[in-house]
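Structure record follows, encoded as structure tokens.
Every number in this text was worked out from the coordinates using simple rules, so none of it is lab data. The model shown is predicted, which means the values in this text are computed figures rather than measured ones. Glycine also receives a Cβ, built like all others from the backbone with ideal geometry; neighbour counts cover every protein chain displayed.
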Amino acid sequence: MLHGYRAPPPTAAHYTIRPAPPILLTDRQNLASLTDSCECFDDILNRYSQSLEEHMMQQQFQSCIEACNACADACDMCSAACLHEEDVEMMARCIALDMDCAQICRLAAAFMARGSDFAGALCQLCAEVCQACGDECAKHQAQHCQDCAAACRRCAEACRQMGA
């Protein structure tokens, strides 16, 4: 080593990665010894397969779940703001649909998150409620109603696609 000289740190090119040798199951004895060494192999494989399927299902539903949660939040804000309008009676249908829509959106998101067999059917109903809420909110000039209508329409479209 030269005085004051430091060698550069090793890079990936300095290392050789060798694949593990294949396990050959050429006879029953080798297979039996392999399965005996890991009695729970099938259980592990089954759990991995199930968790992988669940993960893929959650990814498939993720955009619809996000639309449902955004719609539920918009409906909550809209109903709260409608209660402070001058003519609350005129906003009664809007408030009622906001509450229905927020609840069904949260329920649909929960069904999708856990991969329920009924998620698709619930998404179809959610799309109908979102459409009705969006149509009602669009009738009002208040910005919170217009924002809610837009969120409801996005959610209705996402739920229609998911329920198809």
- Task: Could you tell me which GluC sites (Glu not before Pro) in the stretch 81-164 are loop residues by DSSP with no more than 14 other beta carbons within 10 angstrom of their beta carbon?
- Result: Glu86
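Which of His140, His84 has the fewest other C-beta atoms within 10 Å, and how do the rest follow up to the most?
Working: His140 18, His84 10.
By the 10 Å Cβ count, ascending: His84, His140.
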- Note on the structure: Between Ser63 and His84, Cβ-based FRET efficiency (R0 35 Å, step 0.05) works out to 0.60
- Given charges of +1 on the Cβ of Lys and Arg and -1 on the Cβ of Asp and Glu, with all other atoms neutral, how large is the dipole of the stretch 46-163 about its Cα centre, in debye to the nearest 20? 480 debye
- Item | Theoretical FRET efficiency, 1/(1+(r/R0)^6), r = Cβ-Cβ of Glu157 and Ala132, R0 22 Å, to 0.05 | 0.95
- Can you give the Kirkwood hydrodynamic radius for the stretch 56-164, in Å, rounded to one decimal and based on Cα pairs? 13.4 Å
- Query: Going by how many other beta carbons lie within 10 Å of each one, how would you line up Leu107, Leu83, Leu97, fewest first?
  - Reply: Leu83, Leu107, Leu97
- Query: Between Glu85 and residues 5 or more places away or on another chain, which pairs have amide H atoms under 5 Å apart, with H built 1.01 Å from N, and which residues are they?
  - Reply: none
- Query: Could you put Cys155, Cys82, Cys123 in order, starting from the residue whose Cβ has the fewest other Cβ atoms within 10 Å?
  - Reply: Cys82, Cys123, Cys155
